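Coordinate-derived values only; no laboratory data. Computed from a predicted structure; not experimentally measured. Please note: Cβ atoms are built from the backbone with ideal geometry, for glycine as well, and neighbour counts cover all protein chains shown.
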Amino acid sequence: MSEKKKDELLNDHNHDGVDRRGFLKCMAWAGTGAFCVMKGGVLNSYSLSRISEISTPDMMGELSFVQISDSHMGFNKPANPDVAGTLKAAVDKINGLSAAPEFMLHTGDISHLSKPEEFDTVDQILKSATPKDVFYVPGEHDVLNDDGKQFLERYGKGSKGAGWYSFEKKGVHFLGLVNVMNLKAGGLGTLGHDQLEWLEDDVKHLKHSTPIVVFAHIPLWSVYPEWGWGTDDSAQALAYLKKFGSVTVLNGHIHQTMQKVEGNVTFHTAASTAFPQPAPGKADSPGPMKVPAEQLKSVLGITDVNYIQGKHALAVVDSSLA
Amino acid sequence: MRRTVFIAGLAAALVLGTLGFGAGQKSHVANAQEKMSTMEVKIDNFSFGPVTLTVPVGTTVTWVNRDDIPHTVVSTDDSKTFKSKVLDTDEKFSFTFSKAGTYPYFCSIHPKMTGKVIVQ
């Protein structure tokens, strides 16, 4: 399900020795479980089966984290009657990574109906993951009925507004954004004026060489507006990040992996741990897609991200649960 | 003979009246028939069906979610006339329209889903 490379760059605009054509070629493998490691500005790719050969701290980079998304705890229809089971399988996958990730990002739709027991179940399952720190942003399924109050109580400590925040790890600046509040009829995801003002201010004094990671639920690029797969004011957010040499955008919501590179920005969406959705336009609507039971785990997955300090683009690798 | 024909004619009119030409139609045998006071909007495949529903004042509209994903029904007019809680599969939301007007609404979880109730 990887996107056609419409925006493939052929020039090394930044003269930083980063082989972007090679990076894109590598990203196209990502859906099948390839592993790209950036070392000294050069991309090397390995199949996941060789992961034990390259798991020295040197090759694995200095920062490693995992993104999971769309666990939809509480969903119980035919597309997946056991979302707790597949989330547990995702945790097993994470625990099996040879370079233990330092922390996890959950890009939203933690719960299916914003019920307390659904959030509790996810918390319980994630307790058995090796990385103990989890950073959350809400999906539209997490802020039902109460304008996101419960989400903020559970996961929003230290955040602003509807739950946006930033933090730094090993020199990489992370921005957790919320684009699922105050959705307008006929519209897409939205960040809103207050959050955009905060974002501009938050990154104002960072050095241009600081790698940036933005994570939010709904894609921050126009994947398929007809299905609401986009954010109406993301261009403004990206304008504030234009000065940075490396920006990685991690999203969820569409329940399939997709990637796009545009200048210094790499956009990436993760698979769900609950159920897949159809590729843009390939069905009447973006609802849960049923696949034969034995194939389910192959269309669900996690995303492993590695960064070597001092280098540019992060290595983003998807792997399915089976 | 005439009386039989008259009764048969009245019966036919009653039958035709109750078959219902549509909720907005005023029937000539309104006294004899039951007024259609409930209309249903089916939610399925990320859409409201029918997208535009025209009803007479006093009608109760019931939205039924037949999709395998939850949805909401939230009016977008200035006074925010109605707002359902989250409807999971097979759950319902009803609202009685006591004032004429046009009531656009959407699903607040999937804002691309929009619909309209016209009350006459």
Original post:
A:ASN145 to A:LYS243: extension gain in nm, 0.36 nm per residue of separation minus the Cα-Cα distance?
Top reply: 31.4 nm
Subject >> Derived scalar couplings ³J(HN,Hα) [the stretch A:63-69; Karplus, 6.51 cos²θ - 1.76 cosθ + 1.60; whole Hz; x for Gly, Pro] >> reply: 10, 9, 9, 10, 10, 10, 7
Original post:
Quick one: length gained pulling A:LYS132 to A:LEU206 fully straight, 0.36 nm per residue minus the C-alpha distance?
Top reply: 23.9 nm
**OP:** At 37 °C and 0.692 mPa s, grab the translational diffusion coefficient of the stretch A:243-292 from Stokes-Einstein with a Kirkwood Rh over Cα pairs, rounded to a whole number in µm² per second.
**Re:** 268 µm²/s
Original post:
Taking neighbour Cβ counts within 10 Å as the exposure measure, how do A:LYS207, A:LYS170 sort from fewest upward?
Top reply: A:LYS207, A:LYS170
Original post:
How many nm separate the modelled label positions at B:ASP78 and A:GLN295, each set 7 Å beyond the Cα in the direction of the Cβ?
Top reply: 5.3 nm
Original post:
B:ASN45 to B:GLN120: FRET efficiency via 1/(1 + (r/R0)^6), r the Cβ-Cβ distance, R0 35 Å, to the nearest 0.05?
Top reply: 0.80
**OP:** Give a residue-ordered list of calculated ³J(HN,Hα) values for the stretch A:283-291 (Karplus: 6.51 cos²θ - 1.76 cosθ + 1.60, θ = phi - 60°; whole Hz; x for Gly, Pro).
**Re:** 8, 5, 8, x, x, x, 9, 7, 10
Subject >> Neighbour-count order for A:PHE103, A:PHE65, fewest beta carbons within 10 angstrom listed first >> reply: A:PHE103, A:PHE65
Original post:
What number, in nm² with one decimal, is the all-direction average of the projected area of the convex hull of the alpha-carbon atoms of the stretch A:214-277?
Top reply: 4.2 nm²
Original post:
Using the Karplus equation 6.51 cos²θ - 1.76 cosθ + 1.60 (θ = phi - 60°), what ³J(HN,Hα) coupling, rounded to whole Hz, does each residue of the stretch B:111-120 give in order, writing x for Gly and Pro?
Top reply: x, 6, 7, 10, x, 8, 10, 9, 10, 10
**OP:** Grab the Cα-Cα distance for B:THR38 and B:THR60, subtract it from 0.36 nm times how many residues apart they are, and report the gain in nm with one decimal.
**Re:** 7.4 nm
**OP:** Would you mind listing how long the stretch B:32-120 runs along its three principal axes, going by Cα atoms, in whole Å with the largest first?
**Re:** 41, 30, 19
Original post:
Relative contact order (percent) for the stretch A:122-259, with alpha-carbon contacts under 8 angstrom and 6 or more residues of separation?
Top reply: 22 percent
**OP:** Scan around A:LYS77 for amide H atoms under 5 Å from its own, H built in the peptide plane at 1.01 Å from N, and keep only partners 5 or more places away or cross-chain.
**Re:** none
Subject >> For A:THR248, residues with placed amide H under 5 Å, excluding near neighbours >> reply: A:ILE212, A:VAL213, A:VAL214, A:THR266
Subject >> A:VAL317, A:VAL91, B:VAL57 arranged by Cβ crowding within 10 Å, fewest neighbours leading >> reply: B:VAL57, A:VAL91, A:VAL317
Original post:
Around A:GLU262, which amide H atoms from residues at least 5 apart in sequence, or from another chain, sit under 5 Å from its own amide H, with H modelled in the peptide plane?
Top reply: A:PHE267
